[in-house]
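Scroll down for the structure; my scribbles are underneath it.
The values are calculated or read from the model by the stated rules, or taken from the named source; none is laboratory data. Only a predicted model underlies this, so the values are computations on that prediction, with no experimental measurement involved. Glycine also receives a Cβ, built like all others from the backbone with ideal geometry; neighbour counts cover every protein chain displayed. Side chains included, ligands, DNA and RNA excluded: accessible areas come from the protein's heavy atoms. Shrake-Rupley method; radii C 1.70, N 1.55, O 1.52, S 1.80 Å.
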Amino acid sequence: QVQLVESGGGLVQAGGSLRLSCAASGSSRSIIAMGWHRQAPGKQRELVASITSGGSTNYADSVKGRFTISRDNAKNTVYLQMNSLKPEDTAVYYCSAANLLKDYWGQGTQVTVSS
């Protein structure tokens, strides 16, 4: 089992920045990829960014150039640096982790961007 704990959400004005963190514990050595998803009210959950254990990254088109995902393997922690935030980035952000058997999810952290 893998446990994920997110932190760093909050309220920010448009154009501002936030940094989300997600710490993995448990069977974290089995993790092959981690990522961030988000879900806005009335919308489906969508992938924001992902990073493999080897460091390969993938971003949604809507956040390219503004968000950066990174990973500290020694701390089993993944980060999402969010710059130039827009009101449409408002959502609950969920951390995810995947091994060969299943996907794991954090409890979610609210990000609200005011205009």
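Observations on the model:
- Bridgeable lysines around residue 43 (alpha carbons under 25 Å apart, same-chain partners fewer than 8 residues away excluded): 64, 86, 102.
- Label zone at residue 43, where the point sits 7 Å out along the Cα-to-Cβ direction: region 62-102 residues whose backbone N lies under 15 Å: 62-64, 67, 85-94
- Gained length - residue 73 relative to residue 13, 0.36 nm times residue gap less alpha-carbon distance: 18.5 nm
- Highest-fluctuation residue, 32, 51, 69 considered, GNM on the chain with Cα pairs under 10 Å: 32
- Largest first, the residues 78, 5 sort by 1.4 Å accessible area into 5, 78.
- Local charge for residue 39 was computed over the other residues whose Cβ lies under 11 Å away, with Lys and Arg +1 and Asp and Glu -1, and equals +2.
- For the chain, modelled as a GNM whose springs connect Cα atoms under 10 angstrom apart, the maximal fluctuation among 26, 65, 42 occurs at 42.
- Using C-alpha pairs below 8 Å separated by at least 6 residues, the relative contact order for region 9-61 is 23 percent.
- In sequence order, calculated HN-Hα J values of region 50-58 (Karplus, 6.51, -1.76, 1.60; Hz; x Gly/Pro): 9, 8, 8, 5, x, x, 6, 10, 9
- Paramagnetic reach from residue 58 (point 7 Å along Cα→Cβ, amide N under 19 Å) across region 82-99: 94-99
- On region 9-83, 46 percent of the accessible area sits on carbon and sulfur atoms, based on a 1.4 Å probe.
- Most mobile of 103, 89, 61 in a GNM of the chain (Cα contacts under 10 Å): 61
- The listed residues 6, 46, once ranked by accessible area (1.4 Å probe) with the largest placed first, stand as 46, 6.
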